[in-house]
Every structure is written in structure tokens, then in C-alpha cells.
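Below: one structure, written as C-alpha cells.
The values are calculated or read from the model by the stated rules, or taken from the named source; none is laboratory data. Predicted, not measured: the structure shown is a model, and the values here were computed from it. Backbone-built Cβ (ideal geometry, glycine too); neighbour counts: all protein chains shown. For the accessible areas, the whole protein counts, side chains as well, though only heavy atoms, and no ligand, DNA or RNA atoms are used. Shrake-Rupley method; radii C 1.70, N 1.55, O 1.52, S 1.80 Å.
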Amino acid sequence: MGFRFQGVDGIGLDAWLNEDERLVRASTRQFVEENLIPIIEACNHDSRFPKELVRPMGALGYFGANIHGYGCAGMSNVEYGLVMQELERGDSGLRSFVSVQSSLVMYPIHTFGSDDQKKEWLPQLATGEKLGCFGLTEPDFGSNPGGMRTRARKSGTDYVLNGEKMWITSGSLADVAVLWARMEGEDQRVCGFLVDTKSPGFRAYDVHGKWSLRASVTSGISLQDVRVPASTLLPGTDGLKSALQCLNQARYGISWGALGAAMACYDTALQYALLRKQFRDQPIASHQLVQEKLVWMLTEISKGQLLALHVGRNKDAGKADPTHISMAKRNNVWMALECARIARDLLGANGITSDYPVMRHLMNLESVKTYEGTHDIHTLILGQSITGISAF
Ligand code: TGC
Ligand code: FAD
């Protein structure tokens, strides 16, 4: 619409960000404005992941941004969150890609990997020279990954992997897959493996016909007698909780990312409402019902910003609590989806077209609501925390 995005700050929250945080937000916003916004509608239309942005994002330090060492940027968790916010202001698909590379591939290697694994993979993943994916979900086990059927069998000094993973972001792009499998035999623990995607028996195939996250690659992975050396086992993994620990990182990033999508929708709706005239040649922004919708959006975005910032500050202080992260993911994605629906409504018929980003965000957010723990799974996580009773 010819406007340059100025950010959304309804309660003076900018004053709570330090100079480095504002700087990283500004540079990411500029990257998104110049490189993603001009191409994203075409990518979405053509169902194309903009792979040409991978190396530039690596050069800007977005991959594993909150990891220290190994060529990573060593940002704070709040800075990392602001990067996610700005990327998802552009598109949830690009933020998804960065989330997976950072929180679901580099984080487990950094946290559970051997020194050799860290040295081999982290620098190349940080630049984007190598890409990764994270395989936890299976066709029959989404919300309940503990039921997984993928198995790892010890064979001499190797392991042999068999199973199916489904809905895997970047699956067919990846050079390395962090795959979760249950050990066969007496030790039935879930373990993580770093699998070279060129290994014989590893096959990734893309999911087509998605009406959501069209600019992101989503794949199925089939593992048929994939023989991997014992050195591919992530030695620090200790059961399903290690996989869930990775999800905390990604869910944290999503709680910021969803704010970006909400801001894009709010900003688009506000600009539109000020220009669009109906009845007595007045802008629709002059109508009370329209103002109420804008007020609702800004208030909810502000509450979501407070939540994400508080969780981020706690995370930086080493006090991240998974239930707080669940609350932030659940609330902010719900809020963003509501903002997208309201913005779509305020744009009238124009709202359904790709002339505006709103419908794309709306469709993307339907996935974001489902992945990384559905809205209702986070309700149950919080319900269990409040009552001490599991209702899964
Ligand atoms: P449960 O018995 O409750 O827990 C097993 C063990 O894990 C511990 N734990 C956690 N640890 C760290 N962080 C968390 N958030 C944790 N939640 C649980 C727990 O204390 C226990 O430890 P221990 O020592 O007793 O063994 O496990 P459960 O099988 O009953 O499941 C719990 C449940 C339902 C909450 C969990 O399975 C869950 O979160 N389900 C949702 C699945 C999900 O989020 N999948 C995401 C897949 S990845 C993805 O979607 C990527 S999208 C990427 C993108 O494009 O951005
Ligand atoms: P189900 O678990 O079958 O849930 C269906 C419905 O039932 C939901 O509404 C859910 O809330 C509800 N439900 C389930 N159990 C309960 C219960 N106990 N009580 C009440 N309601 C319940 N996974 C990965 O491992 N890696 C990835 O990179 C990845 N990327 C993804 C990308 C996209 C675009 C999408 C859509 C998904 C991705 N996922 C990935 C998978 C995602 O994590 C799962 O889709 C999600 O965990 C939900 O699982 P499901 O789709 O099998 O739904």
C-alpha cells in the first residue's frame, strides 16, 4: 500500500528494549522489507520456498542466533525473539525455516551433541551452508509423540533405523535430520540421532496441496533399514524429555513470531481503514465498530508483547519455565489468528486477495496453531500445571 512498516507499540514498550535489541529488530525489519516482502506473495502463490534467502540470513546471524560460539551470533533470547517477530511479520514460512534450523536442529546438537558433532555441524548450519530438519511427529503420533513407532536397533557398532516421520519442515531440503527413535531391546528409551539425509534407505517426499505455509517445505520421511554409525547418536539425549526440551526453544520463538504476523495484520487493517471510504464519504476508521476492532487488536498485541518479553527476560536470566512458554505460544498464536480474522473482515472483499498480506497470514497461522503443540495441548499442559491432574 506504499506505507513503510513502523512497528506496533501501543504501550510504550520500546522503552523497555535496549539499544542492541532495537538495532537487531531494525536490521531484521529492513532485511524483510527489502528481501522477503517483494517476493513473498509470488512464493506463496507458486508454493516455493525462497531458498535464495538462506545464505543471506546465515550471514546476518539468524541461525542458532542465541547460541554462543561455533560461528553463531550469540544473541540474547530477547534479541532472538525480535528476529523471529520480524521474520514472521514477513511470513510464517520463513520464520518456521529459521525456527527449525535454530531451535530444533542447532539447539539439540549444541545441548546434547558430542564435541565432534558440534564442531562438524554447528558452523556449517550457522552459515546456512548445511540445512537441517527435526523429525518427531509420525503419521499416527502427533500430539502424543511418546507413542512413536520409529525404532533404532543396535547392530554391531552401528544403529539401524526404521519408521515413518510426517509433517517435517524442510525435510527434503535438509542435509542432516535430527530424528527421534525408540531403542529396541531392553532399553526402550527415546533417543535423538543426527542422520545424514544421503544415507541409503532415507527418503524424503514433499506434502503437496497445502493451503497454509505454502512458502515452506513440509515433508514426510521414510526410514528403511537406515544404517548409521554410533557416532550419529546424540549422546546427551535422555528419553522423550530431550525432544520436548527442544520444543521449548521453538515454542518460545513462535510466541514472538506470532506477534509479527499479528502486527502485519493490524498495520494493514489500520492503513486500510484510514483510506477506505463508505457512507458520507468518511473513512471506515471513523465508525465506532471499526475502531473497536482496531482497539481490540492493539490491546491484545500489547498483552502478547508483554508476555513474550517477560518470558524472554526470564529465559535470559536462566529461569525459563516450560509452562510459561506454553502460555505464551498458546495465547499469542490464538491472538494473532484472531487479529488476522478481524483484519480480513475490515478489508472487506479486498481482504481475500493477495494484494494484501492478511489472508496469507491467516492461512499460515492455522498451521502455527497446530504445530509445536496444538492450542488445546497447551491448554492441557497449563491445566495440568494448575491442578496437578493430567487430562491428556
Ligand atoms: P510426559 O510424561 O508428560 O513427559 C515425559 C518427560 O518429559 C518431561 N517434559 C518436559 N521436559 C522439558 N520440556 C517440556 N516442555 C516437557 N514436557 C514434559 C516430563 O517431565 C517427563 O520427564 P521424566 O523425567 O519424567 O521422563 O510425556 P507425555 O508423553 O505424557 O506427553 C506430554 C505432552 C503431551 C505435553 C507432549 O508430548 C507434547 O508436548 N505434545 C505435543 C507434541 C508437539 O508439540 N510436537 C511438536 C513437533 S515439532 C514441530 O511441530 C515443529 S513445527 C516447526 C516449525 O515449522 O516451526
Ligand atoms: P493430532 O494429535 O491428531 O490432533 C488432532 C486434534 O485432536 C487437535 O485438535 C488436538 O488438539 C486434539 N487432541 C489430540 N489429543 C488430545 C487430547 N488428549 N485431548 C484433547 N484434544 C486432543 N512435526 C515435527 O516433528 N517436525 C516438524 O518440523 C514439523 N513441522 C510441521 C509443519 C507443519 C506445516 C505442520 C502442519 C505440522 C508440523 N509438524 C512437525 C507436526 C505437528 O507438530 C503436529 O501436526 C502437531 O503436533 C499435531 O499433531 P497431529 O497433526 O497429528 O494432530
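Quick look at the values:
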item	result
Residues (aliphatic (A, V, I, L, M) and more than 15 Å from the chain's Cα centre (by Cα)) located in the range 79-116	Ile109
Members of the range 209-228 that are surrounded by fewer than 19 Cβ atoms within 10 Å (Cβ to Cβ) and over 20 Å from the mean Cα position of the chain (by Cα)	Gly209, Ser222, Gln224, Asp225, Arg227
The range 355-371: number of residues that are open to solvent by 20 Å² or more (accessible area, probe 1.4 Å) and more than 6 Å from ligand 2 (Cβ to nearest atom)	8
Within the range 94-186, strands (runs of 3 or more DSSP E) holding 1 or more residues that are open to solvent by 10 Å² or more (accessible area, probe 1.4 Å), hydroxyl-bearing (Ser, Thr, Tyr) and within 10 Å of ligand 2 (Cβ to nearest atom)	158-169
